[in-house]
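For reference, the structure is listed below as structure tokens.
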Amino acid sequence: MKYHFNEIEEKWQKYWAENQTFKAKNQSDKPKYYVLDMFPYPSGAGLHVGHPLGYIASDIYARYKRHKGFNVLHPQGYDSFGLPAEQYAIQTGQHPAVTTEENIKTYRRQLDQIGFSFDWSREVRTSDPNYYKWTQWIFIQLFNSWYNRVSDKAESIDTLIAIFASEGNAKVNAECDDDVEVFTAENWNSYSSEGQQEILLKYRLTYLAETEVNWCPALGTVLANDEIVNGVSERGGHPVIRKKMTQWSMRISAYAERLLQGLNTIDWTDSLKESQRNWIGKSVGASVTFNVKGHDAKIDVFTTRPDTIFGVSFMTLAPEHELVSQIATDEQIDEVNAYREATAKRSERDRMADVKTISGAFTGAYAEHPFTKAPLPIWIGDYVLAGYGTGAVMSVPCGDQRDYDFANHFNIAIPNIFEGIDISEEAFGDKDNTVITNSDFLNGLKYKKAVKTAIYELEKLGQGEGKTNYRLRDAVFSRQRYWGEPFPVYYIKGMPQMIDAKHLPITLPEVEKYLPTETGEPPLGNAMVWAWDTTTHTVVDNSKINDTSVFPLELNTMPGWAGSSQYFNRYMDPENDDEIFSRDAINYWQQVDLYIGGSEHATGHLLYSRFWQKFMFDLGLVPHDEFAKKLINQGMILGTSAFVYRVEDQNKFLSKGIIGNENVLPIHVDVSFVNSSDELDIDAFKNWRPEFKNAEFTLENGVYKVGRDVEKMSKSKYNVVNPDKIVEDYGADSLRLYEMFLGPLEQYKPWNTAGITGVHSFLKKLWKLYNDDNGLKITEAVATKDNLKTLHKTIKKVAEDIENFSFNTSVSTFMIACNELTAQKCTSKEILEPLLILISPYAPHIAEELWSQLGHSESISTADFPIFDASHLVESTKNYPISFNGKMRFTLELSLDLSKDDIEAAVMADEKTIVQLQGREPKKVIVVPGKIVNIVG
RNA sequence: GCUGAAGUGGUGGAAUUGGUAGACACGUUGGACUUAAAAUCCAAUGUCCAUUAGGACGUACGGGUUCAAGUCCCGUCUUCAGUACCA
């Protein structure tokens, strides 16, 4: 019988689906294990060979864990809200739900043909109302919570209201807006309901506030910081400007310290943890208050170097700083305004690109040094960012290069406070190797002591205190889009009200157009039925709005990360209509044991999810405040693009090797037109596009050679390789093995279809090990010593590889085992049966087929992983004399229960001692004459 | 600039973590089978010297530790990724 992979794979995929082989139960005698993939956004282009890489790895691990006796949860779903479906809808009028459904079908077909062991009965889709009901529910929980710094966790807003009503807010230590005023219990009780709501909004974990946001005019929406790359939008690369808008925000900053500390408790990659640490951006220092001369105004600054307080010679404010217009003098106001306008016009990108040019303006005002009372000129400059710290700095030119350059440029004094340091050329930024001088009470102190002393003195003066600052900003949660979760929010007199959770979900309304309205409202402004009736608790026609019982609903929708911030918990109990998940389900599955996904989500999804998980932990909903114990970043599979070279202004193409001094333009050409020797199929190319129909080619050695380059796989680069084709030609098992064989999981590596013949011929050889022309050739023959050795070294290596996620090397191990057993003419069932179990996580279809041929009626996935027996690896005693540097050296490979002392004694007695074999694991003893150097193993 | 990862044949990559560098695969070359091609199988394949036997060199570069270094230490260079006027 021949290896008909297409038939075999179809057969077993059908079998798995019909028998629900991989359905996980929410209780079991077995230990649980939760393996999760980052769920995909179902794009219209379908999957390319790069997408399944992580899924294959997690599938291998999940199948391995099943063999190892675990009850494995391995679900999959779709992150199905998002921009592309909406933009397609804008262009075509097609409802995003329709395109999304189509795309999901394609994805599902493509995923199924690779043979994943997903439990599809637990599928979730973020755009499904039964799912986003719970996204809305969490939003309501966040709205109804505040962050108590004393207990260091989120608490119900009711506890805060009780405190306000009994003692006011003076003693409350909460994470809240900066501008809350102090009030007493009497004040509170005298406020109107709206007044109270307005105050509470400043404390809630999700709040409505006028914030400066990243506005992308081309996309017509705001973006979170992590959605902006190099000053342009991550999607589409459109310019982004700063704009003030009223938006929902998430008070993630309340969790900054816990998000930072939590990193120490989870097994995630160092680079990813480092990214999150940088994003959170903790810095320890002090806040210092400077009085402005002749004004009531005070300037608060944050500094990490309070020890350099006597080196301050001026102040710099961000141009956008709110004090600027107040304090600028009449003489300077024109210059100041001109400068502010000039910087406002510059886009984020310009400002980032142009960091070398020093610019600024003098406000004419002076601040007062807290200790010396000396006047300090107040400048504005765009090197100070409005969005970081307080948007103002105390400038210490001798200790900070930017302040130094600014002072130099505008001829401001540069006092030196570092003993014996020359600052005539540049600032001195090193904090550890000097002593402070010219600094009154700090004279003679070193950095650490000076910082403490400075903070102590500032506190005594009431003009400063020790402070920790975080770069992490609150996350904007409103998007001016159609295809996202609607907020469960309506407005009474402009104040947001939550819809009671029992009336969820609030489903997306139908709209005629997916664009913003003519008045600039978000797309939901086009909806005709989008008002909340508080008597019937239903969404009703807008015309019924009367501001007594029917009110307008929120027009924004939630951002892409809303739906992905809790999906991993929902998989535990996805059908539950009464709760987000049952207590039993979460207590059973606890948290994700292994999460595999791309590192591009480091500061987005992975940070927001940790935030929501911690919040849900505070509410007592989940047993762990980290959602994923271990996380692995799979690398990306890159495409190998091909180029043809067109002579400038002509329809002539030069083969790669003969390009001389001509000006040629490289053009991406579809990789399917090129063979493995980089030769172009000229006819296919000519038929590709009309403009190439009459193209002329200059060949080398009779062929046209293309150029090659490794790039990200993308439609526009014509380097996409479709897994459908690979599965058709070589089978899913070959695809799975080859993706693993390509290299280490975490690494970025180029795809090269040519190499797949290696793993494919391995599968054919494997098949032949079990079958010949007469059918199955397995016998009950007793395994030979060599057979057993091959099997057990394979068991050992494969188990180690899977535990270490070194899937690439196990593929080699299988090939070696297969070759060895073929050479040994092994037909023994005793060997070949366990071998199948080893291979089945990697190549499940062929393993299932051969397994059933061996007479099993149950799926191979129910089989136990073979047990490793080291005794089969034991060699007869060997004694290798190796000449080294004129000395004799021995490497004894042995297996023994002898202690190190026994070996030592034996070797010391006689250099050529042969130690009798007695035990299990082989050991290697490195010996030089008279001395044991090392015992390995 | 800072942070992190990495640098091994023509190529993708192994190397039990200090113990025979280049496993395994692709590619290339030669051979077998075939009318022929495909498929399959066999052999060779780090570089240099040598007819052979064999020898020398070799893991980005320069030093060091060690009986022993791709692996550890110091310095230099290069590449990739993230981040960036963060006070």
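The values are calculated or read from the model by the stated rules, or taken from the named source; none is laboratory data. Bear in mind that the values here come from a model prediction, so they are computed numbers and not experimental data. Backbone-built Cβ (ideal geometry, glycine too); neighbour counts: all protein chains shown. When the accessible area is computed, the model is the full protein with side chains, heavy atoms only, and any ligands, DNA or RNA have been set aside. Shrake-Rupley method; radii C 1.70, N 1.55, O 1.52, S 1.80 Å.
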Mean separation of Cα contacts under 8 Å (6+ apart) over length of chain A, as relative contact order %:
13
For A:D400, net neighbour charge (Lys/Arg +1, Asp/Glu -1) across residues whose Cβ lies under 13 Å away
-2
Charge context of A:V35, other residues only, Cβ under 13 angstrom, K/R +1, D/E -1:
+4
Rank A:M616, A:M245 by accessible area, highest first, at a 1.4 Å probe radius?
A:M245, A:M616
Using a simple spin-label model with points 7 Å from Cα along the Cα→Cβ vector, what separation in nm is obtained for A:D724 and A:D772?
4.1
Per residue solvent-accessible surface (Å²) - chain A, probe of 1.4 Å
45
Which residues in region A:508-525 have a backbone N closer than 17 Å to a point placed 7 Å from the Cα of A:E210 along the Cα-to-Cβ line?
none
What's the carbon and sulfur percent of region A:747-804's accessible surface, probe 1.4 angstrom, rounded to a whole number?
51
For region A:420-572, calculate the relative contact order in percent as a whole number, restricting contacts to Cα pairs under 8 Å that are 6 or more residues apart.
20
What FRET efficiency comes out for A:D683 versus A:E648 if R0 is 25 angstrom and r is the Cβ-Cβ distance? Round to the nearest 0.05.
0.55
The alpha-carbon center of region A:629-699 and that of region A:125-146 are separated, in whole Å, by 49
Descending accessible area (1.4 Å probe), largest on the left, turns A:Y730, A:Y456, A:Y608 into A:Y456, A:Y730, A:Y608
Quick one: how many Å² of A:V782 are accessible to a 1.4 Å probe, rounded to 10?
120
For A:K282, what accessible surface area do you get with a 1.4 Å probe? Give it in Å², rounded to 10.
80
Over chain A, the sum of -39500 (n - 2.57) across DSSP H runs of at least four, divided by residue number and rounded to 500 deg cm²/dmol, gives at 222 nm -9500 deg cm²/dmol
Using Cα atoms only, what is the angle between the long axis of helix A:83-92 and the major principal axis of chain A, expressed in degrees (0 to 90) to the nearest 10?
80
Calculated FRET efficiency for the pair A:S325/A:A170, C-beta based, R₀ 30 Å, to 0.05:
0.45
Excluding A:D593 itself, calculate the net charge of residues whose Cβ lies under 11 Å from the Cβ of A:D593, where each Lys or Arg counts +1 and each Asp or Glu counts -1.
+3
Separation in nanometres of the label points that stand 7 Å from Cα toward Cβ, at A:K244 and A:I659:
5.3
Relative to the longest principal Cα axis of chain A, at what angle does helix A:785-803 sit, 0 to 90 degrees, rounded to 10?
10
Accessible surface, 1.4 Å probe, highest first, among residues A:D270, A:D801:
A:D270, A:D801
Just order A:37-44, A:662-669 by mean Cβ neighbour count inside 10 Å, highest at the front, would you?
A:37-44, A:662-669
Pseudo-spin-label distance A:N546 to A:I157, built 7 Å along Cα→Cβ, given in nm, is 2.7
Compute the length gained on full extension between A:A374 and A:K2: take 0.36 nm times their separation in residues and subtract their Cα-Cα distance, giving the result in nm to one decimal.
124.7 nm
Any idea what the relative contact order of region A:205-355 is, in percent, if you count C-alpha pairs under 8 Å spaced at least 6 apart?
19
I'd like the orientation of helix A:157-167 relative to chain A: the angle between its Cα long axis and the longest Cα principal axis, in ° from 0 to 90, rounded to 10.
30
Per residue, what volume in Å³ does the Cα convex hull of chain A take up?
277
If you average the alpha carbon positions of region A:741-800 and of region A:557-590, how far apart do those two centres end up, in angstrom?
40
